[in-house]
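Undergrad: Structure incoming, see below.
Laboratory data are not the source of any read-out in this text; all were calculated from the coordinates shown. These numbers were taken from a predicted model, which means no experiment stands behind them. Neighbour counts are summed over all protein chains in view; Cβ atoms, including those assigned to glycine, are modelled from backbone coordinates with ideal geometry.
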Amino acid sequence: MTEPTRASRRAVLGAALGGAVAAGLPAAGAASAASWQLRWSPSASGDGLRAFETVEDDRADSHTAARPHIRAQGDNWRFDMHTVDRDTSTDRQRQEVTGCRNGSSYLRWLQGETWRITYAMYIPSSLKATTTFTHIMQMKQPGTGTSPIVVQSLRRVGGVQTIELKLFASDTLVGRTDLAPLHDKWIGVDFQMKIGNGTSGSVRWILRNGSTTVVDASKSGVNTFLADRVRPKWGIYRSLGDSSGSLQNCHLLLTDLRAYQLV
């Protein structure tokens, strides 16, 4: 299926941000007691992979002939996954980027702060939900072996393909909706996170398909901090243990990534 134009991607993001403001969230840059301040606004065509803190492209050298698996493609960042790709843990696959880089520095999301990420994603029908994990966004503490804090995942539930957001440690579902109507379209994502230990954290997750809000879900009084700092990740990270026959060669596209801090 033909991927939509840049104008249609902009329309999706405009609708997502407009819906967030209508729901009572501070507008980015609005003059108020607390407002969203733009901290990161890379472009794929201008910044390429320099937009990110780290790039995890076939770190096990399992499929070097297909490199790069992660690249800028016009206005989009593209993540390719092949059925032969393997991570350093050979029961899974990983092609991901981490963090928000601004030149020679990167954003540090710290305890007590509130952050917001907006972007558009294109999930082709070849990137299917699975019976085991398929994460396309994570919030994590940096470092080897650390567990996710929040995961946005493609998961089969009762045989139905869904996209969901969960708090990982407590397996708390924030929101979920059917994936099939979102395939082969640009979907607006608005993710907000107050970083807090114990019960002082909160998250909100909004998905928009054109002008239609398909998810607007939130959880408060939750743990969104492990140690050090929080760092976002994007890409395809999936288990090979799927039992539905859904693992195919596939890709994911992202564009218009923005990070805001509530100040």
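Undergrad: Show that you can apply the helix-only estimate: for the chain, add -39,500 (n - 2.57) for every DSSP H stretch of four or more residues, divide by all residues, and state [θ] at 222 nm to the nearest 500.
TA: -2500 deg cm²/dmol
Undergrad: OK, next. Efficiency by 1/(1 + (r/R0)^6): what FRET value for GLN261 and ASP216, r their Cβ-Cβ distance, R0 = 25 Å, to the nearest 0.05?
TA: 0.75
Undergrad: Net charge around GLU164, counting only other residues with Cβ within less than 9 Å of its Cβ (Lys, Arg = +1; Asp, Glu = -1)?
TA: Taking every other residue near GLU164 into account, the sum is +3.
Undergrad: Counting only other residues whose beta carbon sits under 13 Å from that of SER220, what net charge do I get with K and R as +1, D and E as -1?
TA: +3
Undergrad: Classify the stretch 45-108 as rounded, prolate or oblate, taking a ≥ b ≥ c as the square roots of the eigenvalues of its Cα gyration tensor: rounded when a/c is under 1.5, otherwise prolate if a/b is larger than b/c and oblate if not.
TA: Oblate, since a/c reaches 1.5 and b/c is not below a/b.
Undergrad: Still on this structure, I have one more. Just to check I understand the Karplus step: with θ = phi - 60° and J = 6.51 cos²θ - 1.76 cosθ + 1.60, what whole-Hz values come out for the stretch 201-208, glycine and proline as x?
TA: x, 7, 9, 9, 9, 10, 10, 10
Undergrad: For LYS194, give me every one of the aspartates and glutamates with a C-alpha distance below 20 angstrom, ignoring sequence neighbours fewer than eight places off in its own chain.
TA: Of all the aspartates and glutamates, those that pass the test against LYS194 - Cα under 20 Å, at least 8 places apart if same chain - are GLU113, GLU164, ASP171, ASP216, ASP228.
Undergrad: Using 0.36 nm per residue, how much length does the chain from ASP91 to ARG50 gain when fully extended, once their Cα-Cα distance is taken away?
TA: 11.8 nm
Undergrad: Near ALA259, within a Cβ-to-Cβ distance under 9 Å, what is the net charge of the other residues, with Lys and Arg +1 and Asp and Glu -1?
TA: +3
Undergrad: Next question, about the same structure. What is the ratio of the Cα radius of gyration of the stretch 160-236 to 2.2 N^0.38 Å, with N the residue count, to two decimals?
TA: Compactness ratio reported: 1.18.
Undergrad: Over the stretch 45-179, what number does the Rg to Rh ratio reach, with both radii from the alpha-carbon atoms and Rh per Kirkwood?
TA: Reported Rg/Rh, Kirkwood definition of Rh: 0.95.
Undergrad: If you average 1/r over all unlike Cα pairs in the chain and invert the result, what Kirkwood radius do you get in angstrom?
TA: 18.5 Å is the Kirkwood radius here.
Undergrad: Still on this structure: Please list, or write none, the lysines whose alpha carbon is within less than 18 Å of the alpha carbon of LYS185, excluding same-chain residues fewer than 8 places away.
TA: Within the straight-line cut-off, LYS185 pairs with LYS128.
Undergrad: Now a separate question. Helix 6-22 versus the longest principal axis of the chain: what is the Cα-based angle in degrees, 0 to 90, to the nearest 10?
TA: Its long axis makes an angle of about 40 degrees.
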